[in-house]
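K.L.:
What follows is a structure written as structure tokens; I'll ask about it next.
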Amino acid sequence: MALVRTRLALVLVVVLTTVAGRWIDVRDLPGRIKGDEATYVAMALSLADDGDLYYERNDYTRFVQVYGQGPSGIFLKRRYEPGLGQKVPVPADQSLAFGKALIYPVAATPFVWLGGPGGLVIFNWLMLASCLWAAMRFTQRASGTRFGWLYGAAFILASVVPVFAAWLTSEIFNFSLVFWAYFLWLYKKVTPAGERTWLSGSWTTMAAIVLVGFATFSKASNAAMVGPIVLDLLSQRDFRRSMLAVVLFTVSTTGLFGVNALITGEANYQGAEDAVSRRSFYDHYPFDDDGTSFDETGSAMVTNDADTGRVLSAQIVEQIPLNVVYFLIGRHAGLVPYYLPGLVILVVWLAAWRRSTLWQWTSMLAVVGSSAVLLILMPDSWNGAGGPPGNRYFLSLYPPLLFLVPAGARLWPAMAGFAGGLAFVGAMVIRPYAASAEPWKNVERMPLKALPIEITLLLDLPYRLNELRGPITFVQEPTVQTIFMDANTYSAEGQGFWIAGRDTAEIIIRTEQPLRRVEFIFDAPIDNTVSGSFGGRPIAASFRAGGQAIVNVAQPTAGRYLHSYTYLLKLTTTNGFVPAGRDPASTDTRNLGVFVRPSFVYYEAVPPD
């Protein structure tokens with residue numbers, strides 16, 4: 001009876017909390033519309049208010065009423081009448097289909113119905129809270145120690161995971177699906193023999209299979225997560241339930257594609273009949289007051305998840321080792337800075353590998369294998385593209401690492417993971433909406449700034465969300481672009497740019513042709529010393545006020561991005577001034593250190609390796 005009352009109380013709290021979402025104005029949340037928010041929010045509102053998943057005039061109007069702007073970044077598809085045989089398109093001026101997975105908005109619909117757009121916010125944070133509770137409960141049981149729950153708390157709170165709860169997209173939903181799948185599957189394995197709970201039954205394994213199926217429909221990279229569960233059943237020689245698991249996974253995944261086909265006329269929500277029948281829109285939208293047409297505006301986006309044209313090309317194979325380094329310790333998307341507690345658990349588990357179980361090995365291999373697939377299929381966008389905080393694609397691959405916690409795990413690794421993780425992402429976790437709104441600022445502080453910049457992801461790093469950072473065309477022909485990686489470089493003026501005083505600036509120089517030599521001229525109206533490097537070659541110069549220093553850098557080492565060459569310019573100044581402080585007539589309050597004028601000399605042909 002007490003258990004029933006507890007569950008009823010929990011349901012009541014969830015309902016009341018969700019209704020409180022009516023008082024949340026999503027327009028007051030910091031930041032622009034992030035990632036795929038426009039599509040998922042529009043889908044959830046359409047389901048809650050209209051009971052359908054069609055994009056029509058009222059969907060556009062409703063979105064503008066909620067956000068005060070159009071659905072920037074929305075993915076829309078041409079609809080087809082459901083049925084077999086030849087496809088019959090629905091006129092685009094009547095209705096369109098949404099071009100994203102339906103499972104997240106379907107799951108969130110009751111919350112949106114109760115709490116309005118704010119109900120979606122509540123839904124995300126409730127999912128995160130449930131994962132936190134389950135993580136602490138599992139690690140407490142698995143470790144068998146009083147402080148074992150710290151591993152679970154660190155796993156969630158000292159990683160980038162809470163930041164994605166601030167995104168009204170499927171990221172935290174996919175994470176939760178995989179997390180709860182593994183919790184349901186594995187909790188009974190760490191429960192003492194003879195103890196029976198609602199999590200002890202064999203139904204939990206089949207429920208886990210279904211959840212992974214849903215996660216796979218939402219993001220195909222989650223498919224490998226089902227492997228360890230099926231292999232565990234096979235290792236027990238439970239062939240009947242193994243076959244049932246395969247059937248359930250297939251039905252739960254393909255069944256949702258079937259539902260999508262009934263709604264849109266096509267099973268694949270990311271595909272289309274032709275190259276222009278799935279589009280994204282940013283400034284003008286179908287059914288807006290300007291009479292925007294689906295066929296004449298927007299950007300064709302039939303495939304947006306794989307760099308298929310470059311998979312296993314010679315350049316991609318060559319950069320795999322570099323991508324592995326970036327994947328682990330990259331400044332913007334590395335596992336060490338953004339998922340450190342999970343890696344700590346992995347190390348603790350490996351240290352006790354002799355006591356490991358088969359399901360732990362297969363879970364670890366599923367994570368490693370899925371990560372390798374990301375690097376191979378998406379060599380230039382494996383972080384999730386669009387400049388996210390951390391690695392967005394790894395988020396739903398992260399949960400299995402928690403379940404590697406071995407029995408007898410000691411206290412100090414948990415504390416180290418907690419402290420180390422917070423050192424990297426603590427400021428982001430405390431302010432998740434601000435961290436999501438301006439992700440380029442997250443990496444401007446130590447210790448993140450000490451890590452390498454992922455050159456292979458150059459056009460999908462967070463700076464892209466701030467147009468003042470770049471890419472900025474510095475030389476027209478042959479093309480040279482500058483990308484400012486922090487706030488210590490000021491916009492180009494004439495033939496150069498200012499570096500901040502008493503600080504360090506990092507700039508990516510991207511060129512169309514490889515550089516043979518670069519001449520840097522430094523000057524300022526104050527005494528100053530400049531030190532740093534360009535393309536791995538050292539730079540050092542001093543000059544008096546009003547004078548200048550010239551430094552030549554020969555044969556700088558280039559990185560490669562697509563068909564261009566990249567060079568990191570890193571400069572530190574020892575002195576600075578504020579123009580307004582020197583000249584009463586000036587209104588310039590910038591902290592200036594040195595003016596930099598680079599001149600580029602190119603190879604006539606690509607230099608030999």
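The values are calculated or read from the model by the stated rules, or taken from the named source; none is laboratory data. Computed from a prediction, not measured in an experiment: that's the story for all the values here. All Cβ positions, glycine included, derive from the backbone under ideal geometry; neighbour counts span all protein chains shown.
K.L.:
Starting from the stretch 520-535, keep only residues that are more than 19 Å from Phe600 (Cβ to Cβ), then list their pairs with residues that are of a type in the set (Lys, Arg) whose Cβ atoms are within a distance under 6 Å, requiring at least 6 positions of separation or different chains.
P.N.:
Correct list of pairs: Asp527/Arg544.
To keep it simple, each residue is scored yes or no on (1) β-branched (Val, Ile, Thr); (2) outside the structural domain of Ser159 (by TED's automatic domain parsing).
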residue	(1), (2)
Val348	yes, no
Gly369	no, no
Leu375	no, no
Phe418	no, no
Lys441	no, yes
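K.L.:
Of all residues in the stretch 539-548, which are part of a strand (DSSP E or B) and surrounded by fewer than 18 Cβ atoms within 10 Å (Cβ to Cβ)? Please lay out each step first, then the result.
P.N.:
First, pick out the residues of the stretch 539-548 that are part of a strand (DSSP E or B): 539-543, 548.
Passing the criteria: Ala540, Ser542, Gln548.
K.L.:
Let me ask something additional. Taking into account only those residues within the stretch 72-95 that are exposed (fewer than 13 other Cβ atoms within 10 Å of the Cβ) and aliphatic (A, V, I, L, M), which is farthest from Asp295 (Cα to Cα)?
P.N.:
Filtering first and then ranking leaves Leu84.
K.L.:
Specify which of the listed residues (Pro406, Pro388) is within 29 Å of Gly536 (Cβ to Cβ) and assigned to a loop (DSSP other than H, G, I, E, B). Explain how you work it out, then say what you get.
P.N.:
Working: Pro406 fails: within 29 Å of Gly536 (Cβ to Cβ).
Only one candidate passes the filter, namely Pro388.
K.L.:
Looking only at helices (runs of 4 or more DSSP H) that lie completely in the stretch 1-68, which have at least 2 residues being touching a residue at least 24 places away in the same chain (Cβ under 8 Å) and touching a strand residue (DSSP E or B) at 6+ places or on another chain (Cβ under 6 Å)?
P.N.:
Details: elements: 2-19, 37-50, 57-67.
Here the list reads 37-50.
K.L.:
Can you name the residue in the stretch 563-609 that is farther than 27 Å from Ala450 by Cβ and of a type in the set (A, V, I, L, M) and, of all such residues, is farthest from the chain's Cα centre (by Cα)?
P.N.:
Result: Ala585.
K.L.:
Does Ile509 count as part of a strand (DSSP E or B) and closer than 30 Å to Asn383 by Cβ? Lay out the reasoning, then the answer.
P.N.:
Values: part of a strand (DSSP E or B): yes; closer than 30 Å to Asn383 by Cβ: yes.
Yes, satisfied.
K.L.:
Identify, from the list Thr39, Thr61, Thr18, Thr6, the residue that is within 21 Å of Ile263 (Cα to Cα) and hydroxyl-bearing (Ser, Thr, Tyr).
P.N.:
Working: Thr61 fails: within 21 Å of Ile263 (Cα to Cα); Thr18 fails: within 21 Å of Ile263 (Cα to Cα); Thr6 fails: within 21 Å of Ile263 (Cα to Cα).
Only one candidate qualifies: Thr39.
K.L.:
Separate question: Cβ-Cβ under 6 Å, sequence separation 6+ or interchain: first residue in the stretch 543-565 and farther than 18 Å from Pro478 by Cα, partner among the charged types (D, E, K, R) and outside any strand (DSSP E or B). Which pairs?
P.N.:
Taking only residues 6 or more apart or on different chains, the pairs are Arg544/Asp527; Ala545/Asp527.
K.L.:
Take the stretch 262-272 and flag every residue that is of a type in the set (S, T, N, Q), surrounded by 17 or more Cβ atoms within 10 Å (Cβ to Cβ) and assigned to a loop (DSSP other than H, G, I, E, B). Lay out the reasoning, then the answer.
P.N.:
Here is the first cut: in the stretch 262-272, the ones of a type in the set (S, T, N, Q) are 264, 268, 270.
The next check asks that each one be surrounded by 17 or more Cβ atoms within 10 Å (Cβ to Cβ); those that pass are 264, 270.
Listed by number, the list holds a single entry, Gln270.
K.L.:
Restricting to the stretch 92-128, name every residue that is of a type in the set (D, E, K, R) and under 21 Å from the mean Cα position of the chain (by Cα). Give the derivation first.
P.N.:
At the first step, the residues of the stretch 92-128 found to be of a type in the set (D, E, K, R) are 93, 100.
Correct list: Lys100 only.
K.L.:
Okay, next question. Which is modelled with pLDDT under 90 and over 18 Å from Met364 (Cα atoms), of Phe239, Phe217? I'd like the intermediate steps shown before the answer.
P.N.:
Working: Phe217 fails: modelled with pLDDT under 90.
It is Phe239.
K.L.:
On to the next question. For the condition farther than 30 Å from Ala437 by Cα, part of a loop (DSSP other than H, G, I, E, B) and out of contact with any Asp or Glu (no Cβ under 8 Å at 6 or more places or on another chain), what is the one hit in Thr139, Thr145? Before the answer, list the steps.
P.N.:
Numbers: Thr139 fails: part of a loop (DSSP other than H, G, I, E, B).
Just one listed residue meets the conditions, Thr145.
K.L.:
Give Leu346, Leu322 a once-over and let me know the one that is assigned to a helix (DSSP H, G or I), in contact (Cβ under 8 Å) with a residue 40 or more places away in the chain and either of a type in the set (Lys, Arg) or within 20 Å of Met378 (Cβ to Cβ) (or both).
P.N.:
On the way: Leu346 fails: either of a type in the set (Lys, Arg) or within 20 Å of Met378 (Cβ to Cβ) (or both).
Answer to the check: Leu322.
K.L.:
Looking at Pro447, is it outside the structural domain of Tyr326 (by TED's automatic domain parsing), closer than 20 Å to Asn383 by Cα, loosely packed, with under 14 Cβ neighbours inside 10 Å and touching a Pro at 6+ places or on another chain (Cβ under 9 Å)? Quick ask: steps written out before the conclusion?
P.N.:
Details: outside the structural domain of Tyr326 (by TED's automatic domain parsing): yes; closer than 20 Å to Asn383 by Cα: yes; loosely packed, with under 14 Cβ neighbours inside 10 Å: yes; touching a Pro at 6+ places or on another chain (Cβ under 9 Å): yes.
Yes; evaluated as a whole, the condition is true for this residue.
A quick yes/no check of all residues on (1) more than 23 Å from Tyr433 (Cβ to Cβ); (2) surrounded by 13 or more Cβ atoms within 10 Å (Cβ to Cβ):
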{"site": "Leu10", "(1), (2)": "yes, no"}
{"site": "Val14", "(1), (2)": "no, yes"}
{"site": "Val26", "(1), (2)": "no, yes"}
{"site": "Lys34", "(1), (2)": "no, yes"}
{"site": "Ala38", "(1), (2)": "no, yes"}
{"site": "Ala42", "(1), (2)": "no, yes"}
{"site": "Tyr60", "(1), (2)": "yes, yes"}
{"site": "Tyr67", "(1), (2)": "no, yes"}
{"site": "Gly70", "(1), (2)": "no, yes"}
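K.L.:
Pro105 versus (1) over 22 Å from Phe164 (Cα atoms); (2) modelled with pLDDT of 85 or more: which is the lone unmet condition?
P.N.:
(1)
K.L.:
Let me ask something else about it. Quick check on the stretch 409-464: of everything there that is in a helix (DSSP H, G or I) and basic (Lys, Arg), which residue is farthest from Gly387 (Cα to Cα)?
P.N.:
Narrowing the stretch 409-464 to residues in a helix (DSSP H, G or I): 411-430, 432-437, 439-444, 448-450, 455-460, 462-464.
Checking which are basic (Lys, Arg) leaves us with 441, 449, 464.
Values: Lys441: 12, Lys449: 16, Arg464: 7 Å.
This residue is Lys449.
K.L.:
Sticking with this one: Which one of these is over 25 Å from Val11 (Cβ atoms), within 23 Å of the chain's Cα centre (by Cα) and buried (at least 24 other Cβ atoms within 10 Å of the Cβ): Ala135, Ala154, Ala181?
P.N.:
Numbers: Ala135 fails: over 25 Å from Val11 (Cβ atoms); Ala181 fails: over 25 Å from Val11 (Cβ atoms).
Testing whether each residue is over 25 Å from Val11 (Cβ atoms), within 23 Å of the chain's Cα centre (by Cα) and buried (at least 24 other Cβ atoms within 10 Å of the Cβ) leaves just Ala154.
K.L.:
Taking the stretch 273-292 on its own, how many of its residues are more than 21 Å from Ser221 (Cβ to Cβ) and surrounded by 14 or more Cβ atoms within 10 Å (Cβ to Cβ)?
P.N.:
Step one: filter the stretch 273-292 for residues more than 21 Å from Ser221 (Cβ to Cβ), giving 273-277, 279, 281-292.
Pick out the ones that are also surrounded by 14 or more Cβ atoms within 10 Å (Cβ to Cβ) and you get 273, 276-277, 279, 281-282, 284-288, 292.
Number satisfying all stated conditions: 12.
K.L.:
Every residue in the stretch 558-609 that is out of contact with any Leu (no Cβ under 9 Å at 6 or more places or on another chain), crowded, with 16+ Cβ neighbours inside 10 Å and aliphatic (A, V, I, L, M), please.
P.N.:
Correct list: Leu568, Leu569, Leu571, Leu592.
K.L.:
Suppose the filter is of a type in the set (Gly, Ala, Ser) and farther than 20 Å from Ser218 by Cα; does Gly73 pass it? Quick ask: steps written out before the conclusion?
P.N.:
Numbers: of a type in the set (Gly, Ala, Ser): yes; farther than 20 Å from Ser218 by Cα: no.
No: the conditions fail for Gly73.
K.L.:
A follow-up question, please. Return the pairs, sorted by first residue and then second, in which the second residue is in a helix (DSSP H, G or I), the first residue lies in the stretch 422-439 and is more than 16 Å from Arg331 (Cβ to Cβ), the beta carbons are less than 7 Å apart, and the residues are 6+ apart or on different chains.
P.N.:
Val429/Leu157; Val429/Pro162; Val429/Val163; Pro432/Pro162; Pro432/Val163; Pro432/Ala165; Ser436/Val163
K.L.:
So, in the stretch 174-205, how many residues would count as being part of a helix (DSSP H, G or I) and within 21 Å of Arg137 (Cβ to Cβ)?
P.N.:
Of all residues in the stretch 174-205, those part of a helix (DSSP H, G or I) come to 174-189, 203-205.
Then drop every residue that is not within 21 Å of Arg137 (Cβ to Cβ), which leaves 175-189, 203-205.
Qualifying residue count for the region: 18.
K.L.:
Could you list, in sequence order, all residues of the stretch 1-36 that are within 24 Å of the chain's Cα centre (by Cα), modelled with pLDDT of 75 or more and of a type in the set (Gly, Ala, Ser)?
P.N.:
Gly35
K.L.:
To continue, here is another question. So if I check each of Ala500, Ala492, which one is hydrophobic (A, V, I, L, M, F, W, C), at negative phi, free of Cβ contacts under 8 Å to residues at least 40 places away in the same chain and surrounded by fewer than 22 Cβ atoms within 10 Å (Cβ to Cβ)? Even if it seems obvious, please write down each step before you answer.
P.N.:
Values: Ala500 fails: free of Cβ contacts under 8 Å to residues at least 40 places away in the same chain.
Checking each option against the conditions leaves just Ala492.
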